[in-house]
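Enquirer: Sharing a structure below in structure tokens format, with a few things to ask.
All of the numbers you see were taken from the coordinates with simple rules; none came from a lab. Note that this is a predicted model, so its numbers are computed, not measured. Cβ atoms come from the backbone with ideal geometry, glycine included; neighbour counts cover every protein chain shown.
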Amino acid sequence: MRSQLYGLHGWEVPEEVRAPQGTAFTRWAVLPRLGVGVAGTVVLVALASLTAEPDAGPLEAVVDHVDVRPGPDGDTVEAGWAEDGTRTRIVFGREAVAVDHS
């Protein structure tokens, strides 16, 4: 198994850390971790992948754009997928979260 984590918006520090007790799959593992110092309310966006493919490509090529927009009814995150041009929009509203993929 191989895991990847790529910060798309707001993250500053990608690093790899050792899982102190291992994982369900192995007694020793190195895992990706993202970090950032924040104050107040922020929107952080990341892309995660878990695969058994040994030749999985880097996540940087998967998304071609990310837009984060504040709005009166909540923040909107939109990601464009490089492979087929589709987009995923997530609206963090005051009452609910809405997800649209087209």
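Enquirer: Only counting other Cβ atoms within 10 Å, I'd like 81, 28 sorted with the fewest neighbours first.
Expert: Fewest-to-most ranking of 81, 28: 28, 81.
Enquirer: For Cα Rg over 2.2 N^0.38 Å, one of (1) 1.36; (2) 1.25; (3) 1.15 was computed from the structure I shared and the rest are decoys. Which label?
Expert: Only one option fits the structure, namely (2).
Enquirer: Counting alpha carbon pairs within less than 8 Å and at least 6 residues apart, what relative contact order, in whole percent, applies to the chain?
Expert: On the way: 181 pairs, mean separation 22.6, N = 102.
Computed value for the chain: 22 percent relative contact order.
Enquirer: Hey, another quick one. Binning at 10 Å from 0, report for segment 62-102 what percent of all alpha-carbon pair distances ends up in each bin.
Expert: Pair shares across the bins are 32, 49, 18, 1.
Enquirer: If the convex hull of the alpha-carbon atoms of segment 1-54 is projected onto planes in all directions, what is the mean projected area in square nanometres?
Expert: Details: hull surface 18.2 nm².
Average of the hull's projected areas for segment 1-54 equals 4.6 nm².
Enquirer: Can you sort 2, 87, 27 from fewest to most other Cβ atoms within 10 Å of each residue's own Cβ? It would help to have the intermediate numbers written out before the result.
Expert: On the way: 2 12, 87 16, 27 8.
The most exposed by this proxy come first: 27, 2, 87.
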